[in-house]
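The values are calculated or read from the model by the stated rules, or taken from the named source; none is laboratory data. Values in this document were obtained by computation on a predicted structure and should not be read as measured data. Glycine gets a Cβ as well: all are built from the backbone with ideal geometry, and neighbour counts include every protein chain shown. Accessible surface areas use protein heavy atoms only, side chains included; no ligands, DNA or RNA. Shrake-Rupley method; radii C 1.70, N 1.55, O 1.52, S 1.80 Å.
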Amino acid sequence: MTVLVQSAPFDAGEVLNGFAHGRGDVGAIVSFTGVVRDTKGDLRHMEIEHYPGMTERAIEGIVTRAKSRWSLADALVIHRFGVLPVGAPIMMVATAASHRADAFAAADFLMDYLKSRAPFWKKETTIDGTSWVAAKDEDEAALTRW
Amino acid sequence: MNVMYFAWVRERIGLPQEEVETRAATVADLVAELSAREDRYAAAFADTSALRVALDQELSDFSAPLAGVREVAFFPPMTGG
């Protein structure tokens with residue numbers, strides 16, 4: 001298991017290559033990268049606050065749940081904090097398993113839980129000012145599928 | 001105990017953390033104590049259904065007891081991912 005909480009940018013391709021390197025024990029590797037999106041064309045940047053200490057514990061707990069539920073050879077989570085420009089990678093998950101069903105399901109589970117059970121808060125600065133991103137009901141509802 | 005605030009709760013109260021001397025039995029009692037202090041606390045805690053609480057870095061709820069707890073954190077619903 002690899003859990004990285006960092007302000008520094010990362011290269012998703014490089015991380016994925018490192019995660020996959022030398023693995024003869026798996027048949028499937030799935031990855032997801034979340035990127036700062038400017039849907040309305042007015043975003044200046046995004047800022048992510050987190051709760052140092054709890055963040056790492058919460059993510060490790062989520063990965064441990066995924067590993068107990070699906071047959072995973074390995075899992076990786078990177079999540080950034082601080083000021084992020086439009087188009088920058090925010091976070092990434094990767095899972096490695098013998099079969100793709102486990103790898104896809106575990107990656108999907110990790111994403112759902114990281115959204116609403118890891119202590120991160122997003123704040124957007126647009127040309128009109130700053131505002132905290134509100135949690136969506138559908139993100140909370142997504143947890144019930146697991 | 002150490003009381004921490006994050007995101008708009010931190011902004012509304014005006015500080016990231018503070019040491020609080022309290023005999024509050026539960027999280028809800030602590031919220032009532034803090035809210036009685038000053039308007040900025042009352043404003044931040046006006047609607048606790050919009051807030052989450054963690055006790056010693058584990059998500060908990062407002063009815064939870066505070067006995068033995070060293071760190072309490074208040075924050076809005078999380079928006080990771």
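Within the stretch B:60-72, restricting attention to residues that are open to solvent by 70 Å² or more (accessible area, probe 1.4 Å) and of a type outside the set (Lys, Arg), which residue is nearest to A:ILE59 (Cα to Cα)? So the residue we want is B:ASP61. The number of residues in the stretch A:82-105 that are touching a Phe, Trp or Tyr at 6+ places or on another chain (Cβ under 9 Å) and farther than 23 Å from A:ASP11 by Cβ comes to 4. Considering the stretch A:123-142 alone, what residues qualify as being more than 8 Å from chain B (Cβ to nearest Cβ), part of a helix (DSSP H, G or I) and open to solvent by 50 Å² or more (accessible area, probe 1.4 Å)? The answer is A:ASP137, A:GLU138, A:ALA141.
Pull up the stretch A:114-137, narrow it to residues that are of a type in the set (Asp, Glu) and within 21 Å of A:LEU43 (Cβ to Cβ), then point me to the one that is modelled with the highest pLDDT.
As a first pass, look at the stretch A:114-137 and keep what is of a type in the set (Asp, Glu): A:124, A:128, A:137.
So of that shortlist, the ones also within 21 Å of A:LEU43 (Cβ to Cβ) come out as A:124, A:128.
Working: A:GLU124: 97, A:ASP128: 94.
By that ranking, first place goes to A:GLU124.
Taking the criterion of being part of a loop (DSSP other than H, G, I, E, B), at positive phi and open to solvent by 70 Å² or more (accessible area, probe 1.4 Å), would at least one residue in the stretch B:7-22 satisfy it? Step through it out loud before you land on a result.
Taking the stretch B:7-22 and keeping what is part of a loop (DSSP other than H, G, I, E, B), we get B:14-16, B:20-22.
So of that shortlist, the ones also at positive phi come out as B:14.
Then drop every residue that is not open to solvent by 70 Å² or more (accessible area, probe 1.4 Å), which leaves none.
Within the stretch B:7-22 (the criterion being part of a loop (DSSP other than H, G, I, E, B), at positive phi and open to solvent by 70 Å² or more (accessible area, probe 1.4 Å)), the answer is no, since none of the residues qualifies.
What do you reckon, is B:ARG37 open to solvent by 40 Å² or more (accessible area, probe 1.4 Å) and over 10 Å from the mean Cα position of the chain (by Cα)?
Details: open to solvent by 40 Å² or more (accessible area, probe 1.4 Å): yes; over 10 Å from the mean Cα position of the chain (by Cα): yes.
Yes, satisfied.
Report, by residue number, each residue of the stretch A:77-94 that is β-branched (Val, Ile, Thr) and open to solvent by less than 20 Å² (accessible area, probe 1.4 Å).
Keep residues of the stretch A:77-94 that are β-branched (Val, Ile, Thr), which gives A:77-78, A:83, A:86, A:90, A:93.
If the condition is that a residue be β-branched (Val, Ile, Thr) and open to solvent by less than 20 Å² (accessible area, probe 1.4 Å), then A:VAL77, A:ILE78, A:ILE90, A:VAL93 are the ones that fit.
For the stretch B:30-71, give me each residue that is of a type outside the set (Val, Ile, Thr), more than 14 Å from chain A (Cβ to nearest Cβ) and in a helix (DSSP H, G or I). Correct list: B:LEU30, B:ALA32, B:GLU33, B:LEU34, B:SER35, B:ALA36, B:ARG37, B:ASP39, B:ARG40, B:TYR41, B:ALA42, B:ALA43.
In the set (1) on the phi < 0 side of the Ramachandran plot; (2) open to solvent by 10 Å² or more (accessible area, probe 1.4 Å), A:ALA97 fails one condition alone, (2). Tell me whether the stretch A:60-76 contains one or more residues that are away from chain B (no Cβ under 14 Å), more than 30 Å from A:ASP25 (Cα to Cα) and either touching a Pro at 6+ places or on another chain (Cβ under 8 Å) or buried (at least 20 other Cβ atoms within 10 Å of the Cβ) (or both). Scanning the stretch A:60-76, I find no residue that is away from chain B (no Cβ under 14 Å), more than 30 Å from A:ASP25 (Cα to Cα) and either touching a Pro at 6+ places or on another chain (Cβ under 8 Å) or buried (at least 20 other Cβ atoms within 10 Å of the Cβ) (or both), so the answer is no. Of the residues making up the stretch A:26-53, those that are acidic (Asp, Glu) and free of Cβ contacts under 8 Å to residues at least 60 places away in the same chain number 1.
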